[in-house]
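Asks: Next up is a structure, given as structure tokens.
No value in this document is a laboratory result; all are computed from the given coordinates. Because the structure is predicted, anything quoted here is derived from the model rather than measured. Glycine also receives a Cβ, built like all others from the backbone with ideal geometry; neighbour counts cover every protein chain displayed.
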Amino acid sequence: RTVYLNGQYLPENEATVSIFDRGFLMADGVYEVTSVLDGKLIDFDGHAVRLERSLRELDMVNPISKEDLLEVHRELVRANGIEEGMVYLQITRGAPGDRDFVFPDPEETEPTIVLFTQNKPGLADSPAAKKGMKVISIEDIRWGRRDIKTVQLLYPSMGKMMAKKSGADDAWMIEDGFVTEGTSNNAYIVKGNKIITRALSNDILHGITRAAVLRFAQEAQMEVEERNFTIDEAKEADEAFITSASTFVMPVVEIDGVALGEGVPGRVAPRLREIYLEESLKAAV
Ligand code: PMP
């Protein structure tokens with residue numbers, strides 16, 4: 001596999017990063033995941049814009065222009081023959097030498113930029129989407145700037161393990177009684193014809209897929225309500241689902257062992273998945 005590191009295309013085993021890199025020592029870095037369908041990038045622009053914002057919020061200097069970033073994405077997809085899969089991008093604050101809590105001077109330290117691809121045949125035509133997912137609820141004990149897409153993913157990773165151990169697929173996180181989001185996705189419930197999801201704030205990641213799906217839902221005359229909901233309200237909903245760049249729209253059929261409706265994907269989530277796949281593929285670059 002060919003990867004990209006700091007301006008160079010390299011075989012993956014030749015791409016190495018310093019042990020002093022702040023991404024490695026302090027999770028001082030941000031990332032993006034862009035999916036690939038039919039060899040094209042889905043929602044590239046949204047991911048590039050959010051990347052800019054994450055970097056700005058952390059006082060990091062963006063080492064690459066949007067045009068060059070698109071070119072690198074395309075070149076990796078081409079070089080690795082990706083038809084369905086994803087491009088992972090990570091920018092860390094770099095390797096200043098001594099470990100220090102204080103940010104290094106941006107004039108003296110170059111950020112580290114890494115991109116690689118993952119091949120995922122069957123991403124769009126996913127059996128999991130037909131079956132629906134099971135989620136458990138766990139406490140949200142992450143930090144307070146979840147709107148910044150940082151590489152500090154230990155708790156989401158632990159959450160996924162807790163779900164796995166209890167025979168579920170993922171965990172929804174709860175703060176002050178309300179669902180924030182899934183470990184790596186935004187969370188929604190459906191009541192009648194209404195789609196309910198938490199409003200944007202520092203409490204959740206501003207999902208690129210979320211923005212697109214809510215727009216498509218409104219265009220399809222579905223009602224969207226952005227507000228908090230509790231896990232109990234979710235268990236009584238007609239349907240539930242998640243969105244993310246790597247899963248698109250995925251129905252949720254069980255929460256903490258409680259089946260939603262008939263315990264199979266309902267009407268709204270599969271329809272939204274269909275619309276999302278169709279529309280975002282039309283706009284893919
Ligand atoms: N919330 C969290 C915590 C996430 O990690 C992700 C995906 N990385 C999302 C939501 C969904 O965001 P997107 O649709 O941009 O992939």
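Asks: Based on the mean of other Cβ atoms within 10 Å per residue, sort peptides 167-179, 234-246 so the most packed one is first.
Replies: 234-246, 167-179
Asks: Let me ask something additional. In whole Hz, what ³J(HN,Hα) sequence does the stretch 268-274 give by Karplus (6.51, -1.76, 1.60; θ = phi - 60°), x for Gly and Pro?
Replies: 6, 4, x, 5, 5, 4, 4
Asks: Please work out whether the stretch 57-183 counts as rounded, prolate or oblate from its C-alpha gyration tensor, where a ≥ b ≥ c are the square roots of the eigenvalues and a/c under 1.5 means rounded, while otherwise a/b larger than b/c means prolate and anything else oblate?
Replies: oblate
Asks: Treat every Asp and Glu Cβ in the chain as -1 and every Lys and Arg Cβ as +1, leave all other atoms uncharged, and give the resulting dipole magnitude about the Cα centre to the nearest 20 debye.
Replies: Computed charge dipole of the chain: roughly 660 debye.
Asks: Please give the helix 154-165 orientation as an angle from the longest Cα principal axis of the chain, in degrees from 0 to 90, rounded to the nearest 10.
Replies: So the helix axis and the longest Cα principal axis differ by about 40 degrees.
Asks: Hey, another quick one. Sorted by average packing, counted as other Cβ atoms within 10 angstrom per residue and highest first, what order do 38-49, 140-151, 247-258 take?
Replies: The packing order, highest mean first, is 247-258, 38-49, 140-151.
Asks: ³J(HN,Hα) across the stretch 238-250 via Karplus (A = 6.51, B = -1.76, C = 1.60, θ = phi - 60°), whole Hz, x for Gly/Pro?
Replies: Along the stretch 238-250, the couplings run 6, 8, 8, 7, 10, 9, 6, 4, 8, 10, 6, 10, 10 Hz.
Asks: May I pose another question? Using only alpha carbon pairs under 8 Å that are at least six residues apart, calculate the relative contact order of the stretch 2-119 and give it in whole percent.
Replies: Relative contact order of the stretch 2-119: 38 percent.
Asks: Still on this structure, I have one more. From the phi of every residue in the stretch 9-20, what ³J(HN,Hα) in whole Hz does the Karplus formula 6.51 cos²θ - 1.76 cosθ + 1.60 yield, where θ is phi - 60° and glycine or proline is x?
Replies: 8, 9, x, 4, 7, 9, 8, 10, 10, 4, 5, 8
Asks: Reported to two decimal places, what Rg/Rh ratio describes the chain when computed on Cα atoms with Rh from the Kirkwood expression?
Replies: Details: Rg = 19.3 Å, Rh = 19.8 Å.
Expressed as Rg/Rh, it is 0.98.
Asks: So for each of 1-11, 95-105, 113-123 I average, over its residues, the number of other beta carbons within 10 Å; can you give me the resulting order with the highest mean first?
Replies: Numbers: 1-11: 14.9, 95-105: 11.4, 113-123: 17.2.
With the highest mean Cβ count within 10 Å placed first, the list reads 113-123, 1-11, 95-105.
Asks: Go through K66/K149; K134/K164; K120/K165; K134/K160; K131/K282; K131/K164 and tell me which ones have a Cα-Cα distance over 20 Å in this structure. Each step should come with its number before you reach the end.
Replies: Values: K66/K149 18 Å; K134/K164 10 Å; K120/K165 24 Å; K134/K160 12 Å; K131/K282 26 Å; K131/K164 17 Å.
With Cα atoms farther than 20 Å apart: K120/K165; K131/K282.
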